[in-house]
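Bear in mind that the values in this text are calculations on the coordinates, not laboratory data. For clarity, every value in this text was computed on a predicted model and none was experimentally measured. In this analysis, Cβ positions are derived from the backbone assuming ideal geometry, glycine residues included, and neighbour counts consider all displayed protein chains.
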Amino acid sequence: MRLGELEFYILNDGLFRLDGGAMFGVIPRPMWERVAPPDDRNRITLAMNSLLIRAAGKWLLVETGAGDKWDAKRRDIYAFEGRGLPQQLAERGVRPEQIDIVVNTHLHFDHCGGNTQMVSGKPAPAFPNARYIVQRGEFEHARRPTERDRASYFPENFEPIAASGQWELIDDEREIAPGVELLLAPGHTKEMMIVRLSGGGQSAVFLADLVPTTAHIPDPWIMGFDLYPLTTLENKKKWLPEIARQGWLALFGHDRVVPAARLDLQSAERGEKITAVPVALE
Ligand SMILES: [Zn+2]
């Protein structure tokens, strides 16, 4: 996909499963199971989508999926499957050493697990020449999570990057390459970021866990995992109608079927529900 000078690809780190109830918060199962049928352990299948971006001669990677540093118990719990991100990068002809910047929208394991990989029994940076960018507040929270969210944070995904001096911790919103903006959209976590790509008069917004799948487009469909669900609600009401009005592309971090869509403008203006119109990339 091309936006002016900027090129991007949607890759993924395969699929995994999470509890369907936790994924839809206060929405009753009879409603969500119609759009996301659960397995016999009440889990729904999600993708872990990443963006590979070519901008101003640099390679950028947004999100690194869950990676492969998993024990048998958690492999069973999360049911990881599919081709991993390293393989998909290789298929694009991009070697790990070529990645210049890695962005983690936040540090939950399904967004930064591929930051590191095991090298002679120890986790080490998977992208040796990259600077890794995350919000400072998210990094500090990852080091001291609460009882409620500590199952989402694994030090082996972010501490080796600290040890190698590759973190660039930021405290604000910024453009990290021409047409690549990191924007704050808190709710899921306090400092979660979304990413807006712009070029040639067009934009695409990677929504991370603000709106993880197209099923999460209606306002109250908010994950139970979110630490600040009312803030998520505010940010959804800010971003989704804006994306629809501007005719931008919406990119979904966990949708396995529709990673990219246009949002229906007429419906949005009438105050009806916003609907996703899938866009095929390439
Ligand atoms: Zn996630």
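If you only keep lysine pairs separated by 8 or more in sequence, or across chains, how many in the chain come under 19 Å at the Cα atoms?
The number of close lysine pairs in the chain is 7.
Within 9 Å, Cβ to Cβ, of THR189, how many net charges do the neighbouring residues add up to if Lys/Arg are +1 and Asp/Glu are -1?
-4
Where both residues lie in the chain, what percent of DSSP beta bridges are antiparallel, nearest 5? Working shown, then result.
Numbers: 42 of 56 bridges.
For the chain, the DSSP antiparallel bridge percentage is about 75.
Compute the distance from the alpha-carbon center of the stretch 100-159 to that of the stretch 173-223, in whole Å.
Here the two parts' Cα centres lie 19 Å apart.
Which peptide among 53-61, 68-76, 39-47 comes first, and what is the full order, when sorted by highest mean count of other Cβ atoms within 10 Å?
53-61, 39-47, 68-76
Explain nothing, just compute: Karplus ³J(HN,Hα) = 6.51 cos²θ - 1.76 cosθ + 1.60, θ = phi - 60°, for every residue of the stretch 234-245 in order, whole Hz, x for Gly and Pro.
Listing the rounded values in order: 4, 6, 5, 5, 7, 8, 5, x, 5, 4, 5, 4 Hz.
Provide the gained length on full extension for the span ALA162 to ASP40, in nm with one decimal, where the gain is 0.36 nm per separating residue minus the Cα-Cα distance.
Values: separation 122, 0.36 × 122 = 43.92 nm, distance 3.98 nm.
Contour length minus the Cα-Cα distance gives 39.9 nm.
Give me the number: length gained by fully extending GLU173 to LEU227, i.e. 0.36 nm times residue separation minus the C-alpha to C-alpha distance, one decimal in nm.
17.4 nm
May I ask you to sort PHE252, PHE158 by Cβ crowding, counting other Cβ atoms within 10 Å and putting the fewest first?
Result, fewest neighbours first: PHE158, PHE252.
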